[in-house]
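Taken together, the values in this text are just the output of simple stated rules run on the coordinates, not laboratory data. This is a predicted model, so every value here is computed, not measured. Positions of Cβ are generated from backbone atoms using ideal geometry, with glycine treated the same way; all protein chains shown enter the neighbour counts.
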Amino acid sequence: MALTRRQFIGSSAAAVLAAGTMAKGTVWGANDRIGVCCIGFNGRGKSHIDAALKNPGVEIVALCDVDAKVLEAGVKMVTEKQGKAPKAYRDVREVMKDPNVQAVMTATPNHWHSLITVWGVQNGKHVYVEKPMAHSPFEGRQCVAAAAKHQRVVMHGTQARSESRLIRDIGLMRSGLIGKIVHSRGYVYKNGNRNAIGHGAKGAAPEHLDWKLWQGPSKDREFLLNADHKEKPGLYVHYDWHWFWEYGNGEIGNQGVHQMDVAYWGHGRSKPVKVSSTGGRYAWDDDAETPNTQATQFTYEDGSMLTFEVRNLGSFNEGGEAAGNCGNSFFGEKGYYIRDMGFFDYQNKPIEVKDPAPEGADCFTRFFTAVRSGKQEDVPMTVEDSHFSCLHCQLGNIAYRIKHTLDFDPATEKFTNSNEANALLKRDYREGFEVPEIA
């Protein structure tokens with residue numbers, strides 16, 4: 001389908017949201033279709049499109065991306081597979097006003113995640129938001145408050161909570177199979193597919209990319225070409241934004257939030273009272289800001305701890321081939337558990353588990369089921385659990401940036417020994433793109 005320039009470019013000025021305009025609740029019959037808009041789909045968002053196309057009763061009624069080339073290719077592909085063309089939006093604010101969109105699925109860069117989530121539920125839409133749900137602790141708390149206020153489902157894209165075996169094993173662990181958990185450990189060793197990203201050079205953004213809209217809530221920055229990798233559109237786009245504090249959360253908030261969610265889930269303590277983190281960006285000569293090697297420790301009120309490691313320079317598969325280069329382990333007073341390997345006592349003898357794993361469904365099927373029911377409990381985690389998983393990553397990064405151990409008050413979600421650290425709990429927003437303060 002040929003798209004008009006107006007469909008692609010739109011008018012930002014005419015797309016101002018009416019804050020707090022929530023659509024009336026929708027009640028679906030068994031055969032009613034769910035109208036979905038996929039927002040940001042150059043990478044992980046393609047999986048969102050595939051899932052929506054495969055789930056019965058789901059129709060992709062709209063696509064949204066700030067890159068015109070990506071948008072055009074997406075519309076063409078969905079039209080061919082679905083037999084019906086979706087609307088094409090460049091500006092997410094226009095999506096929010098579309099009454100045919102009952103649910104949004106977003107895989108934009110991290111700095112957009114919370115704003116799309118809050119805008120979505122404010123406008124009566126259920127939200128599947130890729131990890132991490134929030135770029136900052138403030139944003140995570142607003143997502144929790146917005147979902148509760150507007151009674152919309154929010155599902156966080158950490159897929160482990162939909163894994164049948166892990167659901168069983170975490171349940172057994174939480175019930176005391178290996179005793180009280182005293183240490184939870186997560187690790188991410190993405191050796192082989194992480195490298196130096198190059199250096200930036202001032203230049204114009206490609207015409208097909210709306211750089212202003214791409215930045216959205218973030219401070220205005222010049223577009224940077226990649227001086228060392230001229231085949232890439234720029235230094236930040238379309239992936240390496242992960243390694244800049246303005247847009248991403250580093251590796252601990254990229255791949256790491258998957259393992260952090262499991263570490264937090266199995267450990268069973270919501271928020272730490274102390275956090276320290278150290279490391280650096282070693283060996284690689286580039287302009288990225290986030291560490292490629294990072295060791296973080298969280299201490300809880302009962303003295304237990306959670307440790308998390310990022311190492312992108314290289315690693316041995318410590319958990320064996322089954323565990324791979326990203327994983328989790330838990331240590332209790334009676335034994336330990338290694339993800340994908342099982343339970344062991346402290347003589348390293350396997351602990352037999354006879355309980356069958358529950359029947360499962362993938363994360364996207366769970367989301368669409370919850371959209372139909374309108375019940376948050378039909379997805380595998382609460383919005384607050386999603387916030388806590390992200391919060392651990394965010395606190396670790398703040399401690400890394402401040403460069404000393406931080407004392408954290410779980411009740412106020414603020415630090416008690418550093419005003420400098422508290423200044424990093426919330427970003428400064430571009431006018432018109434502020435995440436609203438609800439909580």
Q. Where q = 0.16 Å⁻¹, what log10 of I(q)/I(0) comes from the Debye formula for the range 221-337, counting one point per Cα?
A. -0.88
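How many percent of all Cα-Cα pairs in the range 96-231 sit more than 23 Å apart?
Within the range 96-231, distances greater than 23 Å cover 57 percent of Cα pairs.
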Q) For the range 96-229, what is the percent of antiparallel DSSP beta bridges, rounded to the nearest 5? A) 25 percent
Q) How big, in percent, is the set of alpha carbon pairs in the range 350-439 lying more than 17 Å apart? A) 68 percent
Q. Got a sec? How would 211, 112 order by Cβ neighbour count within 10 Å, fewest to most?
A. 211, 112
**Q.** Unsatisfied cross-links (Cα-Cα over 26 Å) in the set 131/271; 87/212; 131/230; 97/149; 97/414; 69/212
**A.** 131/230; 97/414
Q.
For Cα Rg over 2.2 N^0.38 Å, one of [x] 0.98; [y] 1.06; [z] 1.62 was computed from the structure I shared and the rest are decoys. Which label?
A. [x]
Q. With all pairs of different alpha carbon atoms counted, what Kirkwood hydrodynamic radius in Å does the range 25-159 show?
A. 14.7 Å
Q) Could the peptides 148-155, 67-74, 247-254 be put in order, highest first, of the mean number of other beta-carbon atoms found within 10 Å of their residues? A) 247-254, 148-155, 67-74
Q: Would you work out the relative contact order for the chain, in percent, from Cα pairs under 8 angstrom that are 6 or more residues apart?
A: 19 percent
Q.
Please report the spacing between the Cα centers of the range 253-311 and the range 148-196 in Å, no decimals.
A. 14 Å
Q) Which ordering of 391, 172, 209 is given by a fewest-first count of other beta-carbon atoms within 10 Å? A) 172, 209, 391
Q: Among the aspartates and glutamates, select those whose C-alpha is under 20 Å from the C-alpha of residue 349, and discard any that sit fewer than 8 residues away in the same chain.
A: 169, 318, 321, 333, 340
Q.
Nearest 10 degrees is fine. How inclined is helix 164-174 to the longest principal axis of the chain, computing both from alpha carbons?
A. 40 degrees
**Q.** Projected-area average for the range 357-403 over all orientations - Cα convex hull basis, square nanometres
**A.** 4.7 nm²
